[in-house]
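In what follows, a structure is listed as structure tokens, so that the remarks can point back to it.
The values are calculated or read from the model by the stated rules, or taken from the named source; none is laboratory data. Here the structure is a predicted model, which means the values were calculated and not measured. Virtual Cβ from ideal backbone geometry, glycine too; neighbours counted across all protein chains shown.
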Amino acid sequence: MNKQDLDDLHKATTLIFNVEQKWRKDNYNYAADTLYKARIEINNARSRGQKTKSAEELWKELGDIPINKNEGIDQDWHIFHKGTPRQDIWHWFESEYDISVAKDLMGL
């Protein structure tokens, strides 16, 4: 091999090395990003589980609150005043806890 061939070989080897390093770095970043996102999803799932438990506890409490003939609660209950329509409270459960009252709390 002459000097030019050696220089070309060195340039090619360096290029391959740089591409390989970039690929490893990018894949590492991708893997780290994927793990980070997975951890967030796990934490979100745990939070949803805890919220569901809290929702179930509140739902049981709500079951002890009398309902008037207009389908409103017959006494103050947590943040809701006497007369608040039952449907409004159900919508609050769904909004606050990101659940379905029918599916998650009533088992329908």
Handout entry: Positions within the range 75-98 being part of a loop (DSSP other than H, G, I, E, B) and basic (K, R), in sequence order
Key = K82
Practice task
Could you please tell me which pairs satisfy a Cβ distance under 7 Å, a separation of 6+ or placement on different chains, a first residue in the range 78-106 that is under 13 Å from I65 (Cα atoms) and of a type in the set (S, T, N, Q), and a second residue that is surrounded by 11 or more Cβ atoms within 10 Å (Cβ to Cβ) and at pLDDT 90 or above?
Solution key: T84/G72; T84/I73
Practice task
Look at the range 56-102 and say how many of its residues are among the small types (G, A, S) and either at pLDDT below 85 or touching a Ser or Thr at 6+ places or on another chain (Cβ under 9 Å) (or both).
Solution key: 1
Completion exercise
Looking across the range 77-87 at residues that are under 32 Å from the mean Cα position of the chain (by Cα) and at negative phi, the single one that is surrounded by the fewest Cβ atoms within 10 Å (Cβ to Cβ) is I79
